[in-house]
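Since the structure comes first, as structure tokens, the remarks are kept for the end.
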Amino acid sequence: MAATLPLALDIATLERVVLRADPSFSDDDFFDFCQHHDLLRIERNAEGEIVIMAPAGFDSNWIAFEIAAELRSWTKKDGGGIVAAAEAGITLPDGSVFSPDACWIPMQRWKAIPLDERKRFPSLVPAFVVEVRSPSDRMKDLPAKMLVYLRNGVEMGWLIDPKSRTVSIYKTGPSSQWSLTIRLFFAVKAR
């Protein structure tokens with residue numbers, strides 16, 4: 001990887017780092033960079049900026065895992081698709097590479113991806129995505145990220161905020177966002 005990455009720190013919180021990649025920084029360079037720094041959460045937006053975030057907190061990871069497990073259980077019975085979790089990067093049509101905490105991909109979309117492309121960050125649009133706010137996520141960024149999913153063809157997304165105990169539901173159509181406050185069944189209580 002010969003490309004250099006200028007650093008732009010988020011001084012307000014130091015919870016994330018934004019790298020502005022040189023135009024010569026290829027998709028292969030990005031994939032290799034992610035593999036080299038596999039303990040970090042790394043995504044790329046449509047502008048080519050690489051966003052590096054701290055690992056998710058235990059609670060938010062546990063919530064995401066529970067949702068992915070429920071999705072997997074449902075899809076095993078249904079057989080209509082596959083489930084991926086946060087470790088799986090996907091490339092959206094606008095060039096963004098995101099790793100939703102959980103997503104459901106219809107089987108016909110999955111089967112259309114060449115086998116060798118599945119080993120990296122395949123170009124695909126899940127039908128459903130879930131993002132769980134972690135302690136290092138900035139709430140102001142998450143609704144915009146959900147709208148990126150919708151603009152790229154995702155049909156529905158849940159944005160779960162354990163801190164405020166809310167789930168915002170995003171869907172394609174005339175009313176693209178609505179929010180509800182629920183009692184989260186997966187809230188961890190200290191004893």
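The values are calculated or read from the model by the stated rules, or taken from the named source; none is laboratory data. Owing to the predicted nature of the structure, the values given are computational and were not obtained by experimental measurement. Here the Cβ is made from the backbone with ideal geometry for all residues, glycine too, and neighbour counts use every protein chain on show.
Looking only at segment 45-56, filter to residues that are closer than 10 Å to residue 96 by Cα and part of a strand (DSSP E or B); which one of those is nearest to the chain's Cα centre (by Cα)?
Going through the qualifying residues, I end up with 50.
Which numbered condition trips up residue 75, out of (1) β-branched (Val, Ile, Thr); (2) over 17 Å from residue 27 (Cα atoms); (3) at pLDDT 90 or above?
In the conditions (1) β-branched (Val, Ile, Thr); (2) over 17 Å from residue 27 (Cα atoms); (3) at pLDDT 90 or above, residue 75 misses (3) alone.
Collect the residues in segment 95-118 that are hydroxyl-bearing (Ser, Thr, Tyr) and either modelled with pLDDT of 95 or more or in the same structural domain as residue 21 (by TED's automatic domain parsing) (or both), keeping them in residue-number order.
96
Consider residue 49 carefully, then state whether it is of a type in the set (Asp, Glu) and modelled with pLDDT of 90 or more.
The answer is yes for residue 49.
Look at segment 57-98 and say how many of its residues are part of a helix (DSSP H, G or I) and of a type outside the set (Val, Ile, Thr).
18
What strands (runs of 3 or more DSSP E), lying completely within segment 1-44, carry at least 2 residues that are surrounded by 16 or more Cβ atoms within 10 Å (Cβ to Cβ) and at pLDDT 90 or above?
Result: 41-44.
Of all residues in segment 114-130, how many are surrounded by 14 or more Cβ atoms within 10 Å (Cβ to Cβ) and either assigned to a loop (DSSP other than H, G, I, E, B) or in contact with a Ser or Thr (Cβ under 6 Å, 6 or more places away or on another chain) (or both)?
Matching residues across segment 114-130 total 8.
Read through the list (1) in contact (Cβ under 8 Å) with a residue 24 or more places away in the chain; (2) surrounded by 18 or more Cβ atoms within 10 Å (Cβ to Cβ), then give the number of the only condition that residue 94 fails.
Among (1) in contact (Cβ under 8 Å) with a residue 24 or more places away in the chain; (2) surrounded by 18 or more Cβ atoms within 10 Å (Cβ to Cβ), residue 94 violates only (2).
Would you check which residues across segment 138-149 are of a type in the set (D, E, K, R) and more than 19 Å from residue 92 (Cβ to Cβ) and list them?
Within segment 138-149, 138, 140 meet the criteria.
Can you tell me which residue in segment 161-191 is modelled with the highest pLDDT, limited to those that are β-branched (Val, Ile, Thr) and touching an Asp or Glu at 6+ places or on another chain (Cβ under 7 Å)?
Among those residues, the one meeting the criterion is 172.
Would you tally the residues in segment 131-144 being crowded, with 19+ Cβ neighbours inside 10 Å and either out of contact with any strand residue (DSSP E or B) (no Cβ under 6 Å at 6 or more places or on another chain) or part of a helix (DSSP H, G or I) (or both)?
2
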